[in-house]
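Notes follow the structure.
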Amino acid sequence: MSGQLTLIIEMVAVLGAATTGGLLANRLGQPVLLGYLLGGILVGPAGLKLVALEGDIQVLSKIGVALLLFALGLEFSLKDLLRVKTIALGGGSLQILLTILLGGGLAYLTGWVNTIPKAIFLGAVLSLSSTAVVLKSLIERNEVQTAHGQVMLAILIVQDLGLGLMLAVLPALTQPPSAIGIALLSAILRVLLFLGSAILVGKWVIPFFLRTIAKQGSQELFLLGILVLCLGIALLTSAIGLGIEMGAFVAGLMVSNVEYADHALDRILPMRDIFATVFFASIGLLIDPGFLIANAWILIGLVTVTMLGKAAIITAIVRLFGYPLKTALIAGLGMNQIGEFSFVLASVAQRSNMFSSTLYGLAVGTTAATLLL
């Protein structure tokens, strides 16, 4: 097959399968997201083998993540973020810590992992929920501005910000304590430097940039400018080890304070939906039904413990911060899956020889199963 046609074939296969799966899911009264995931399984390595695990489609899925979080930043203004800063910083950090302790502790005590660094790494994988899946569900239900929606997004944002620290620190767990301290300090300094620069750029550069483009009166130029801004900042944060999700979200926050924010959101939504569909279908590519069936009972146990444990932790934390029981329960049940970025952490763990191939497969299978559920 000609290399030039590979991307087109993969795009047609993924979008076609996602469309078909989404249509069937909608007809059955299920979220279209489920259809996207099943569509990915169908055309992936475990199905018709039309799309490879590694390739151009994975790059396009990263664009979908960036556009999803950029749009979230546009809708979730700094004022909204400051209003829930207590549950975001306190609750989000506490949730990550308790999930690492619970998940990693159980894995170590039951013999799933034989060292504390591996237990911490596994706990970190379990601690992340899915910003993309939760955001998509909230948007479809028009619940982004509800109390539970704001609480969930606040905690998810902290998780996404914490991913940059995890990627910097966790691979160093096999090193001496001094290396861990240096990695943590380096990651914190990068985050602070980036956020400080973002505040300055958001105040002086972004408004001037958008006004200049908007004055041209060209919808195409405005859309191109927004895309360059979103993906450029996401690429920058990825280059300094903080992940594309942080950059895309912060870019959206910077634009949200400019008078053209609503116009930018209108322009970006169609492209966001297309690339986000590619992203959700690409998660399906990672799912191997044969492996899930062969390890069914183990996975059922892992999924049950993970989802019940995270739901209990998040519900208790949200209640602790003074929110009504209903809000706490919805937040707990809405965020008890393992996130798509856990795939990234699991891959890093495998490359660092922290996860065996079996443990990696179980981590991926549990993540995929919770996302499907």
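So, in segment 16-40, of the ones that are part of a helix (DSSP H, G or I) and under 15 Å from residue 373 (Cα atoms), which residue ends up most open to solvent (accessible area, probe 1.4 Å)?
So, considering only residues that are part of a helix (DSSP H, G or I) and under 15 Å from residue 373 (Cα atoms), the one most open to solvent (accessible area, probe 1.4 Å) is 38.
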Tabulated pairs, segment 157-177, first charged (D, E, K, R), second open to solvent by less than 20 Å² (accessible area, probe 1.4 Å), C-beta under 7 angstrom, 6+ apart or interchain: 160/131; 160/245; 160/246; 160/249
Counted residues, segment 243-290 - those being hydrophobic (A, V, I, L, M, F, W, C) and part of a loop (DSSP other than H, G, I, E, B): 3
Looking only at segment 70-82, and only at residues there that are at pLDDT below 75 and among the hydrophobic types (A, V, I, L, M, F, W, C), the one that is surrounded by the most Cβ atoms within 10 Å (Cβ to Cβ): 72
Hits in segment 85-134 - residues which are in contact (Cβ under 8 Å) with a residue 24 or more places away in the chain, more than 22 Å from residue 180 (Cβ to Cβ) and among the hydroxyl-bearing types (Ser, Thr, Tyr): 86, 129, 130, 131
Selection count where residues are assigned to a helix (DSSP H, G or I), over 25 Å from residue 64 (Cβ atoms) and open to solvent by less than 20 Å² (accessible area, probe 1.4 Å), scope segment 332-358: 1
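Check segment 143-157 and report whether any residue there is among the acidic types (Asp, Glu) and part of a helix (DSSP H, G or I).
Pass one, segment 143-157, residues among the acidic types (Asp, Glu): 143.
The next check asks that each one be part of a helix (DSSP H, G or I); those that pass are none.
Among the residues of segment 143-157, not one is among the acidic types (Asp, Glu) and part of a helix (DSSP H, G or I), which makes the answer no.
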Odd one out for residue 226 among (1) open to solvent by 30 Å² or more (accessible area, probe 1.4 Å); (2) in a helix (DSSP H, G or I): (1)
Selected residue [surrounded by 13 or more Cβ atoms within 10 Å (Cβ to Cβ) and at pLDDT below 80] from 217, 241: 241
Yes/no for residue 322 being within 25 Å of residue 154 (Cβ to Cβ) and free of Cβ contacts under 8 Å to residues at least 40 places away in the same chain: yes
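Looking at segment 177-196, is at least one residue at positive phi and open to solvent by 40 Å² or more (accessible area, probe 1.4 Å)? Please lay out each step first, then the result.
Step one: list which residues in segment 177-196 are at positive phi, which gives none.
Looking through segment 177-196, none of the residues is at positive phi and open to solvent by 40 Å² or more (accessible area, probe 1.4 Å).
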Residue within segment 237-244 that is under 15 Å from residue 73 (Cα atoms), touching a Gly at 6+ places or on another chain (Cβ under 9 Å) and in contact (Cβ under 8 Å) with a residue 60 or more places away in the chain present: no
Which numbered condition residue 314 misses (of (1) open to solvent by 60 Å² or more (accessible area, probe 1.4 Å); (2) in contact (Cβ under 8 Å) with a residue 12 or more places away in the chain): (1)
Qualifying residue in segment 332-346 (condition: within 21 Å of residue 169 (Cβ to Cβ), in contact with a Pro (Cβ under 9 Å, 6 or more places away or on another chain) and at pLDDT below 90): no
Among (1) at pLDDT 80 or above; (2) closer than 21 Å to residue 337 by Cβ, the one test that residue 89 misses: (2)
Residue that is open to solvent by less than 50 Å² (accessible area, probe 1.4 Å), at pLDDT below 80, closer than 30 Å to residue 151 by Cβ and in a helix (DSSP H, G or I), where the choices are 57, 63, 96: 63
Condition check for residue 300: among the aliphatic types (A, V, I, L, M), assigned to a helix (DSSP H, G or I), modelled with pLDDT of 85 or more and open to solvent by 20 Å² or more (accessible area, probe 1.4 Å): yes
The listed residue being aliphatic (A, V, I, L, M), within 19 Å of the chain's Cα centre (by Cα) and more than 20 Å from residue 209 (Cβ to Cβ), out of 234, 276: 276
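The values are calculated or read from the model by the stated rules, or taken from the named source; none is laboratory data. Owing to the predicted nature of the structure, the values given are computational and were not obtained by experimental measurement. Note: ideal-geometry Cβ built from the backbone for every residue, glycine included; neighbour counts use all protein chains shown. Only protein heavy atoms, including side chains, enter the accessible area calculation; ligands, DNA and RNA are left aside. Shrake-Rupley method; radii C 1.70, N 1.55, O 1.52, S 1.80 Å.
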